[in-house]
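Structure first, then comments.
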Amino acid sequence: MPWKESSVIDERRRFVARLLEGEPMSQVCREFGISRKTGYKIFGRYKEHGLEALTDRSRRPIRYANQLPSQIETAIIRAKEDKPHWGARKIRELLVRRLAQEVRVPAVSTIHAVLDRHGLVKRAVKRRRATGTALSLGHAPNDLWCVDYKGEFKLGDRRYCYPLTVTDHASRYLLLCEALESTREALAFTAFARLFQERGLPLGIRSDNGVPFASPNSLFNLSRLSVWWLRLGIQIERIKPGKPQQNGRHERMHLTLKKETTRPPGMNSLQQQAKFDAFVEEFNSERPHEALAMKCPTEVYTPSPRPYSGLPALSYPFHDREILVTACGRICLHRKKINFSTVFAGQTVGIKEVDDAVWLVSFMHYDLGYFDLEERTVQPLDNPFGPGLSPMS
């Protein structure tokens, strides 16, 4: 007896009624022409939510992410104003009763994130939040390093070269010019680890929004590389898309680099690296800069007093527990997997229950978002790393 398209809901109810009468699942599924997997799913929905769960108009929350309708957000705020002492879970139930049945009410964690964004949630612990609302000035050596890939070009052997360059903003000192075969993250990790060991750690690093410095589809556009920088206590800065002048000193160096080292290019990567090394020596030790009162960068730059000695341990004394993010970017809690972000794979985060079944997830001193065990997806807070990293930018 296959499902009748004209009355799917009635068929589901008859299906559940047969099971409640004690008939075996396999036999009922066979008669209704559905798989046992589908049968168990329908029966499970009935046991959890009753007959209402068998309708096509589900009351389960959906994830609105960054596209929460303004009317829904306004309704959440007004409900909180009417019931100032209610938490997100009770607010959601209130909205389910108030709004039309076809309106899908967002998850508890989404509602809590909306309330937090509007200052309607009291946090137990005041946390220092990075603002990043403006690019830093970088007055002293190692206050700010600028990083970029000079445009790729072909070598004499027809292979591509991707020069990774790093300069000190204040002194114009060219810290690194590495001939890499691609922009893969692993190559950048190796180059920066070597640079940090040699020169120490800067206070901040400025880059564009391209890989591997950023990741367009991840939480706050972070990448594994930028998360590593954060772990080392380095603030990250992003120039606005299409605004290379915000990294103007570095771009000006690239013009000189291209003119003096790529015309013609080296026959292979080793020859090209030799060209880069000679340029770095001349740029730092021989070429005077008007902005430095005609001094050479080497006369102004000094290595950072902050040594690189590996990653510091993370601890979250004000959280309920510490959790290691899985390789697939999930948080595991109470045998449930919460989708988070793969760029935090292998990192330890802190979680704290801030409302009834609503959890706050933090990385270092940054509060990133909320989740609940029903929706099982982290709902991001306002971007703690500055507007250049926002998912909406």
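The values are calculated or read from the model by the stated rules, or taken from the named source; none is laboratory data. This is a predicted model, so every value here is computed, not measured. We place every Cβ from the backbone using ideal geometry, glycine too, and count neighbours over all the protein chains shown.
Filter segment 219-238 down to the residues that are among the basic types (Lys, Arg) and in a helix (DSSP H, G or I), then identify the one that is surrounded by the fewest Cβ atoms within 10 Å (Cβ to Cβ). It would help to see each step written out before you state the result.
Taking segment 219-238 first, the residues among the basic types (Lys, Arg) are 224, 231, 238.
Narrowing the set further to residues that are in a helix (DSSP H, G or I) leaves 224, 231.
Details: Arg224: 20, Arg231: 16.
Within segment 219-238, the match that is surrounded by the fewest Cβ atoms within 10 Å (Cβ to Cβ) is Arg231.
Quick one: is Glu93 over 18 Å from Leu381 (Cβ atoms) and either modelled with pLDDT under 80 or not hydroxyl-bearing (Ser, Thr, Tyr) (or both)?
Values: over 18 Å from Leu381 (Cβ atoms): yes; either modelled with pLDDT under 80 or not hydroxyl-bearing (Ser, Thr, Tyr) (or both): yes.
So Glu93 passes the test.
When you scan segment 363-380, do you find a residue that is at pLDDT 90 or above and among the hydroxyl-bearing types (Ser, Thr, Tyr), even just one?
yes
Could you check, for segment 175-189, whether at least one of its residues is surrounded by 16 or more Cβ atoms within 10 Å (Cβ to Cβ), under 24 Å from the mean Cα position of the chain (by Cα) and either at pLDDT below 90 or not small (Gly, Ala, Ser) (or both)?
Narrowing segment 175-189 to residues surrounded by 16 or more Cβ atoms within 10 Å (Cβ to Cβ): 175-180, 185, 187-188.
Within this subset, residues satisfying the condition of being under 24 Å from the mean Cα position of the chain (by Cα) are 185, 187-188.
Filter again for either at pLDDT below 90 or not small (Gly, Ala, Ser) (or both), leaving 185, 187.
Yes, that holds for at least one residue.
Only one of these is closer than 24 Å to Asn217 by Cβ and either free of Cβ contacts under 8 Å to residues at least 12 places away in the same chain or out of contact with any Phe, Trp or Tyr (no Cβ under 7 Å at 6 or more places or on another chain) (or both): Cys296, Cys332. Name it.
Working: Cys296 fails: closer than 24 Å to Asn217 by Cβ.
Result: Cys332 is the single residue among Cys296, Cys332 that is closer than 24 Å to Asn217 by Cβ and either free of Cβ contacts under 8 Å to residues at least 12 places away in the same chain or out of contact with any Phe, Trp or Tyr (no Cβ under 7 Å at 6 or more places or on another chain) (or both).
Can you go through Arg249, Arg206, Arg263 and tell me which one is outside the structural domain of Pro380 (by TED's automatic domain parsing), assigned to a loop (DSSP other than H, G, I, E, B) and among the basic types (Lys, Arg)? Walk me through it before giving the result.
Details: Arg249 fails: assigned to a loop (DSSP other than H, G, I, E, B); Arg206 fails: assigned to a loop (DSSP other than H, G, I, E, B).
Going through Arg249, Arg206, Arg263 in turn, the sole match is Arg263.
Do we find a residue being modelled with pLDDT of 95 or more, more than 20 Å from Val121 (Cβ to Cβ), surrounded by fewer than 22 Cβ atoms within 10 Å (Cβ to Cβ) and not assigned by TED's automatic domain parsing to the domain that holds Arg231 anywhere in segment 328-342? Can you show your working first?
Step one: of segment 328-342, the residues modelled with pLDDT of 95 or more are none.
For segment 328-342, residues modelled with pLDDT of 95 or more, more than 20 Å from Val121 (Cβ to Cβ), surrounded by fewer than 22 Cβ atoms within 10 Å (Cβ to Cβ) and not assigned by TED's automatic domain parsing to the domain that holds Arg231: absent.
Is there a residue in segment 349-356 that is assigned to a strand (DSSP E or B), small (Gly, Ala, Ser), without any contact (Cβ under 8 Å) to a residue 60 or more places away in the chain and closer than 21 Å to Leu230 by Cβ? So that I can check it myself, show each step before the final result.
Taking segment 349-356 as the starting set, the residues that turn out to be assigned to a strand (DSSP E or B) are 349-355.
Now restrict to residues that are small (Gly, Ala, Ser): 350.
Cutting the leftovers down to without any contact (Cβ under 8 Å) to a residue 60 or more places away in the chain gives us 350.
In the following step, the residues that additionally are closer than 21 Å to Leu230 by Cβ were identified as 350.
Yes, because at least one residue in segment 349-356 is assigned to a strand (DSSP E or B), small (Gly, Ala, Ser), without any contact (Cβ under 8 Å) to a residue 60 or more places away in the chain and closer than 21 Å to Leu230 by Cβ.
So which residues in segment 135-154 are more than 20 Å from Asp208 (Cβ to Cβ) and surrounded by 20 or more Cβ atoms within 10 Å (Cβ to Cβ)? Before the answer, list the steps.
First pass over segment 135-154, keeping only residues more than 20 Å from Asp208 (Cβ to Cβ): 139-142, 154.
Within segment 135-154, Pro141, Asn142 meet the criteria.
Quick check, is Phe385 within 19 Å of Ile236 (Cβ to Cβ), buried (at least 18 other Cβ atoms within 10 Å of the Cβ), of a type outside the set (D, E, K, R) and at pLDDT below 90? Lay out the reasoning, then the answer.
On the way: within 19 Å of Ile236 (Cβ to Cβ): yes; buried (at least 18 other Cβ atoms within 10 Å of the Cβ): yes; of a type outside the set (D, E, K, R): yes; at pLDDT below 90: yes.
Yes, satisfied.
Answer yes or no: is there a residue in segment 153-166 that is of a type in the set (Val, Ile, Thr) and closer than 30 Å to Glu286 by Cβ. Explain how you work it out, then say what you get.
First pass over segment 153-166, keeping only residues of a type in the set (Val, Ile, Thr): 165-166.
Now narrow it down to the ones that are closer than 30 Å to Glu286 by Cβ: 165-166.
Taking every residue of segment 153-166 in turn, at least one turns out to be of a type in the set (Val, Ile, Thr) and closer than 30 Å to Glu286 by Cβ.
Considering every residue within segment 162-171, establish whether at least one is farther than 14 Å from Ala188 by Cα, surrounded by 23 or more Cβ atoms within 10 Å (Cβ to Cβ), in contact with a His (Cβ under 6 Å, 6 or more places away or on another chain) and of a type outside the set (Ser, Thr, Tyr).
As a first pass, look at segment 162-171 and keep what is farther than 14 Å from Ala188 by Cα: 167-171.
From what's left, surrounded by 23 or more Cβ atoms within 10 Å (Cβ to Cβ): 167-169, 171.
Subsequent filtering for residues that are in contact with a His (Cβ under 6 Å, 6 or more places away or on another chain) retains 167.
Restricting the remaining residues to those that are of a type outside the set (Ser, Thr, Tyr) gives none.
No, the conditions are met nowhere in segment 162-171.
For segment 65-115, give me each residue that is more than 26 Å from Leu219 (Cβ to Cβ) and outside any helix (DSSP H, G or I).
Selection gives Lys83, Pro84, His85, Trp86, Leu99, Ala100, Gln101, Glu102, Val103.
Anything in segment 301-341 that is over 16 Å from Trp359 (Cα atoms) and not in a loop (DSSP other than H, G, I, E, B)? List them, or say none.
Those that are over 16 Å from Trp359 (Cα atoms) and not in a loop (DSSP other than H, G, I, E, B): none in segment 301-341.
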